[in-house]
Amino acid sequence: MQNIVVKCKPGLRFLLLVGLLWVLAAGSAWSQIVADTVPVFNYEDPKEYEIGGITVNGANFSDDNAIIGVSGLKVGEKIRIPGAEIPKAMRSLWKLRLFTDVRILQEKIIGDVIFLEIAVQERPRLSKYSYHGAKKGFHEDLNEAVDPFLLKGGIVTENVKVNAKEAIEKFYVGKGFLDAHVTVDEIPDSSRINSVSLIFNVDRGPRIKVEDIDFVGNTEVKDKKLRKQMKNTKKKGRFLGSSKFIKADFEEDKNSVIKFYNTIGFRDAQITSDSFWRTEDGDLKLRLAIEEGDQYYFRNITWKGNSIYPTETLENVLGIEKGEVYNQELLETRLRFSQDGRDVSTLYMDNGYLFFQVDPTEIAIVGDSIDLEMRIYEGPQATIDKVVIQGNDRTHEHVIRRELRTRPGDKFSRSNIIRSQREIVNLGYFNPEALGINTPVNPQRGTVDIEYTVEEKPSDQLELSAGWGGNRRVIGTLGVAFNNFSLRNIFNKEAWRPLPQGDGQRVSLRAQTNGDFYQSYNMSFTEPWLGGKKPTSFTLAGFYNRFAFGTRGTSSRQSFNIIQGSVSLGTRLRWPDDNFVYSTAINIQTLSLDNWISGLFRTDDGGVVAEGYYNNFSLSQTIARTTINDPIFPKEGSKFSLSLQMTLPYSLIFFKDKDYSELSPSERFRWLEYHKWRFDAEWYTPLVGKLVLKAQSKIGILGTYNKKVGTSPFERFQLGGDGINNQQFGFAGVDIISLRGYEVEDLEANLDPNGGSGNIATPVFSKHTLELRYPLSLNPSSTIFVTAFAQAGNAWRTVRDFNPFDLKRSAGVGLRVFLPMFGTLGFDYGLGFDKDLTGDKKLGTFNIVLGFEPE
């Protein structure tokens, strides 16, 4: 080994010596510091230490004790260093996925006692998140999509961001944006410790359309027919059809195709494969490979196990003849739960056989024919044990229970449950979408409980409106209708919340005025169950109307007053069935006219009724049948009513010898005599999905007893308009009937026969409507639906002129919004195809609906 000698001057040698001594001293001090903090552990000779204490550093959101507990290290426990305990503790902490860095350090050592520090770096926490490039209307839906992954204050990991990103992309794919792409920006939030905000940048791209749908392997059914079965996935270019591609809807459409094949006898049909690819334009092409199989037919159908009903009865209900095309859907419908109640299960269940089961078994397939054996288990009859009502926090239980057709001790009946459901909905107090029915069974006792769960909805209405009455100026309206009132609790202070309610009574108060010209006040009270034991309704109603023109005390003053009071009784009939209701009303009305030259009231010869005092005492009788399932937005059912309002034939009983040709109108009609007939029919049926078809007809005829007296100038009809603009005549001896697309003056029969400017009322009218309805919202707090209608109607001045085929046609669209507190609001725009367009008349008419649906 050689020594290396460095030669230098004496002064420089001194400086070098001092520097060397300084370095040695500093090194000795540094070695002492390191020895105090990081001792040198010998991996070949581990040493055992006792843990004297554990501290945690860097945990802002996590609990220190929890971190120590998860590590597995305990004070007083002995560990070996180096050893397995420290690495194991670190692995346990990493598994939490709460930290980006984990270290276990030695603070100090005193003898064989070691003090440890667990140093962690926590993952950032989510303070907020937002969207960039997404429409505001989608934000709520996007929040629902990412809610399972994003929690404010929660830990933000790469996995969390990826899951949220994929959820957003999936949402847009579900809307038909197959190329949707989302990126995530993570931005530190300086307002909070170790927090970040996430920004989701959305590039939804174009909506991908389906260019074409091809079928391969179909020989019995054409492509066009199969495409019609695909209700959700449509090819591009269809009118009023969306061509977007949604995977879930596509799978549903494939099932619809197979179901269609099953209805025409191809029971073995299947889709063997499907494929799709993008075109050069970016659109989508779909191809379905179909294996149709053979077409089958029903042959012999036998029954086994039936003892309650003979085979002939079951065959009549089934209604499937030998040789018919095999239709699996029809077979299931006729065996179980058809909409019209024509099925074998309903036959048994309406007789209490709740445990009834039927199993159609194929016992032979000969060529293209199938033999079926209907294997029946009738079981014992089930008796209703308890009928429970839940959720009625405002309506008293007896109001609901009296509408039910299911009572304890009765035999179980499916039809009675369906009818009870309809009656509950028709009360108008509950959300029809939330009505639940549960039937827990006790097989050991042979009993069943029936549980009805209801959800109350607002049923009272407030009418506060102002409408322009033309030269009559603004007409203000204030009205309230309490549809679930409780008269017996009116003196109970605790029941006023804000009004006594829950007994199903109806109180209506309404006032209209524009000052001196027009005033109207009316009220009504209805008790639907008079006495509380039978569905006998009692109604007491009255109104007062006053119309006036001109200055008081002058010859130009015109006035018309009408006062009416009525009382009616109605009851539900048992024959032909209990869907029929019969009601009778006694009406006492007086009318007084003073210089009233509006021309609305006319005699048969066109004379104006402008003066006089008239008595209108009549008896009204109505028979109606209704099976409508929801009064706000009926989906199915019908309603028919025939009413007759008549007076005594005074001229034939008390005034036989009078010469009416010499009498003035005020003398001739002092005691009004007439018979007034009204027929109204409504029918609803679902077409596709939520789309509902409404068909309606209305006919009214005002007849006379004595031709010498003539037709009453009052109680006539006025067809045309929207039923709102001329609502001031609603209680003025005229029935207002709307006709969309036409104003009142557009109908020839409504024009003044003497060439005047006023409109008259007619004794005969007819109106018919076809209407498509589609709901946008069935929320009970805001029911919204759109309509497309075709309407035809007309009015005639005499019964002899009545021609049911001479109708004025119209078509158009409309919107309805039902708000519980305000009633029905909306509009219609109709095109009148048969109106006279001379002058400034227009083909289209815009009508407003305020508070109620016009006739």
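The values are calculated or read from the model by the stated rules, or taken from the named source; none is laboratory data. Worth saying up front: this structure is predicted, and the values here are computed from it rather than measured. Counting neighbours? That spans all protein chains shown, and the Cβs are built from the backbone with ideal geometry, glycine included. These accessible areas exclude ligands, DNA and RNA; they are computed on the full protein's heavy atoms, side chains included. Shrake-Rupley method; radii C 1.70, N 1.55, O 1.52, S 1.80 Å.
Other residues within the sphere of radius under 13 Å centred on the Cβ of VAL849, judged by their own Cβ, net out at -3 (K and R +1, D and E -1).
Taking the 0 to 90 degree range and rounding to the nearest ten, how far is the long axis of helix 85-95 tilted relative to the main principal axis of the chain, both from C-alpha atoms? Around 20 degrees separate the two axes. Evaluated on the stretch 267-372, the Kirkwood hydrodynamic radius is 16.6 Å, with distances taken between all distinct Cα atoms. Rounded to the nearest 500, the 222 nm mean residue ellipticity of the chain from helices alone is -5000 deg cm²/dmol, with -39,500 (n - 2.57) taken per DSSP H run of at least 4 residues.
Which chymotrypsin sites (Phe, Trp or Tyr not before Pro) from the stretch 479-536 combine a DSSP loop assignment with at most 13 other Cβ atoms within 10 Å? In loop regions of the stretch 479-536 (DSSP not H, G, I, E or B), the sparsely surrounded chymotrypsin sites (Phe, Trp or Tyr not before Pro) are PHE491, TRP496.
Residues LEU464, LEU105, LEU435 ordered from highest to lowest accessible area at a 1.4 Å probe: LEU464, LEU105, LEU435.
Report the local net charge at ALA788: Lys and Arg +1, Asp and Glu -1, summed over other residues whose C-beta lies under 15 Å from its C-beta. Neighbourhood net charge equals +4. Counted by Cβ distance under 10 Å from VAL608, the other residues give a net charge of -1, where Lys and Arg count +1 and Asp and Glu count -1. The C-alpha radius of gyration of the stretch 620-675, expressed as a fraction of 2.2 N^0.38 Å, stands at 1.96. Relative to the current alpha-carbon distance between ILE623 and PHE833, full extension at 0.36 nm per residue lengthens the span by 72.1 nm. Using alpha-carbon positions, what is the distance between the centroids of the stretch 668-686 and the stretch 573-615, in Å? Their Cα centres are 10 Å away from one another. The packing ranking of peptides 342-353, 357-368, highest mean first, is 342-353, 357-368, where packing means the average number of other beta carbon atoms within 10 angstrom of each residue. Taking every C-alpha pair closer than 8 Å and separated by at least 6 residues, the mean separation divided by the residue count of the stretch 760-836 gives a relative contact order of 28 percent. With θ taken as phi - 60° and the Karplus curve 6.51 cos²θ - 1.76 cosθ + 1.60 applied, the whole-hertz 3J(HN,Hα) list for the stretch 806-813 is 8, 10, 9, 9, 8, 8, x, 10 Hz, x standing for glycine and proline.
Could you pull out which residues in the stretch 606-626 have an amide N less than 16 Å from a spot 7 Å beyond the Cα of ARG800, following the Cα-Cβ vector? Those under the cut-off are 606.
Between the stretch 151-212 and the stretch 808-845, the alpha-carbon centres lie 46 Å apart.
Listed peptides 129-137, 696-704 appear in the order 696-704, 129-137 once ranked by packing, highest mean of other Cβ atoms within 10 Å at the front.
For the stretch 243-313, place one equal point scatterer on every Cα, skip the solvent, and apply the Debye formula. What is log10 of I(q)/I(0) at q = 0.23 Å⁻¹? Each listed q corresponds, in turn, to -1.02. For a paramagnetic label modelled on ALA289 (point 7 Å from Cα along Cα→Cβ), amide N atoms under 15 Å away belong, within the stretch 192-226, to 214-218.
Across the stretch 530-580, the mean sequence separation of Cα contacts (distance under 8 Å, 6 or more residues apart), normalised by length, yields a relative contact order of 37 percent. The alpha carbon centroids of the stretch 81-135 and the stretch 399-422 are separated by 65 Å. Label-to-label distance for SER697 and LEU105 is 9.4 nm, based on points extended 7 Å past Cα in the beta-carbon direction.
Taking one quarter of the surface of the convex hull spanned by the alpha-carbon atoms of the stretch 179-273 gives a direction-averaged projected area of 10.0 nm². Solvent-accessible area of the stretch 741-784 (1.4 angstrom probe, protein heavy atoms only): carbon and sulfur portion equals 51 percent.
With contacts taken as Cα pairs under 8 Å at a separation of at least 6 residues, the chain carries a relative contact order of 5 percent.
The chymotrypsin sites (Phe, Trp or Tyr not before Pro) of the stretch 770-855 meeting both criteria, a DSSP state outside H, G, I, E and B (loop) and at most 10 other C-beta atoms within 10 angstrom of the site's C-beta, are PHE805. Expressed per residue, the C-alpha convex hull volume of the chain stands at 411 Å³.
Annotation for ASP223 and LYS707: the two label points, set 7 Å from Cα along the Cα-Cβ direction, are 7.0 nm apart.
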